[in-house]
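Readers should treat all values here as calculations from the given coordinates under stated rules, not as data from a laboratory. The structure displayed is predicted, hence computed values, not measured ones. Cβ placement follows ideal geometry from the backbone for every residue including glycine, while neighbour counts extend to all protein chains displayed.
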Amino acid sequence: MIDSTTPGQFQALVIDDEHYVCEFVSEVLRGDGWNVSQSSSADDAVERLDEAPWAVVLCDMKLAGANGFSALRKFKQKLPQAKVVLMSGHASAANTLDATAFGAYDYLLQRFGSEELQSLSQVWREQLLTRRNPTSPPRRTAACHSDIDLVGRSQAFVELLKHVTRASNTNLPVLLTGEAGIGKRVVASAIHDRSERAAGPFVVVNCGSIPAELIESELFGPVKGSIAAADRDRRGLWEQADGGTLFLDDITETTPAFQSRLLRALPMGEIGRAGSNETTSVNVRVIAASNHDIEREVAAGRFRSDLFDGLKAVAIMLPPLRERREDIPPLAQTFAERVYSLNQPVGFSGEAFALLERYNWPGNIRELENVVLRAVSMCDGKVRARDLPQRVRQHSEKTFEPGKTNGAADENEEWVTLSEVEGRYVARVLEHTRGNKQAAARILCVDRKTLDRMIKRHHIETDSLRSRAKPPAVANSVSPGQL
């Protein structure tokens, strides 16, 4: 069906085998001044490529005659200026990344409403009228893998994936921020895997675990005799990342002296080994991450403002798990399947999922994984409420109600800082391990030096804990889910 064209109207094509979806999208766009045509299959739509100067094409991901990506490629080849938007009923990490990498302008979940469509319509019309960017740059497809370790289905997750793809299409430094345990390393790895550097090394440096006096030589490499352990010139981690990506985790845990050295290496890629005046050019893309509010660290004088400016060319804020509760069930199921990948998959009762979705998750995805692993090991093939730790079962609904996480706080409600939450959680873990730092570090998934800094930062007293009874023999393999 093709509608009559009114002069001056922009042409939009809606492709979906669900008639009611076609009608809904078409009605909203027509109400906003678009001339809309409909097609029930990708094959039919491809045959109609030359019927009109399509400005926008909205296409369902899975159609009876062809895959949405197939239609997308053909449309982008014939109509490079058209904005192609893929619609899907289920968010997929691979699908979302592939959609944007293959040239899609946007990727919509089929829970979108008229307001979202009208907002997009306004953006499209403004861009088409101004013609400031008439052609879309070609997208790279060589590094489009689909086996990335990202799981979710919420709108926040889809938006995160869009940022991942856009970041991977550049060589600019990337700054990832967000709470501990949210998956910054996984996101950094996904950016690397989707970039032109995918065939190169991905080198991870935990800045918080390397002593301040050694981090410079570890990163840039020492010359013989510059430090006690340097019996010869050695390549540092920065040189080892040549042609690939260097991930600097906990970047705010570094000293001002090291930050100054890093600032000199960022713009030109020239580094000098510790103890040497000679420089070497290295082709490295830097992705940095921090759990802290870096602007606050800059204001307090603990982090260089010019280094912050250099790192935040592409800034991505990872939302905490409590703000993307829809992702908890698929994440939990994924973690459960990793335990018994060769056996029958473990399921979850409705009550167990409800409890998991209601809980606050101060440790984010890392804490969820530990809870699920423990529950799966204890259950009889299905995770039920009784298999979950007590803190999850007894969590008050009033603390965080689904759908109200972004609402205004009650007048008498007292909010605590992220630092306070971290301190309380570390203290609880240490109490559980009776002051055994090695066991606590394993539970928290950090190294001993990082744990020592946490203890010092939060003034946690551990001597009294050591005097209590020794922890059980299985303490080294315990997970936070047992707290």
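Values for this structure:
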{"quantity": "Karplus-derived HN-Hα couplings along the stretch 279-289 (A = 6.51, B = -1.76, C = 1.60, θ = phi - 60°), whole Hz, x at Gly and Pro", "calculated": "10, 10, 8, 10, 8, 10, 9, 9, 10, 10, 8"}
{"quantity": "Three principal axis lengths of the stretch 17-66 [C-alpha, angstrom, descending]", "calculated": "30, 25, 13"}
{"quantity": "HN-Hα J in Hz across the stretch 184-190 - Karplus 6.51, -1.76, 1.60, θ = phi - 60°, x for Gly and Pro", "calculated": "5, 5, 5, 5, 4, 5, 5"}
{"quantity": "Computed over the stretch 180-219, the ratio Rg/Rh where both radii use C-alpha atoms and Rh is Kirkwood", "calculated": "1.07"}
{"quantity": "Local electrostatic count at Ala167 - Lys and Arg +1, Asp and Glu -1, tallied over other residues with Cβ under 11 Å", "calculated": "+4"}
{"quantity": "For the stretch 307-313, 3J(HN,Hα) per residue [Karplus equation, 6.51 cos²θ - 1.76 cosθ + 1.60, θ = phi - 60°, Hz, x = Gly/Pro]", "calculated": "5, 4, 5, x, 7, 8, 4"}
{"quantity": "Kirkwood-based shape ratio for the stretch 276-369, expressed as Rg/Rh from alpha carbons", "calculated": "1.18"}
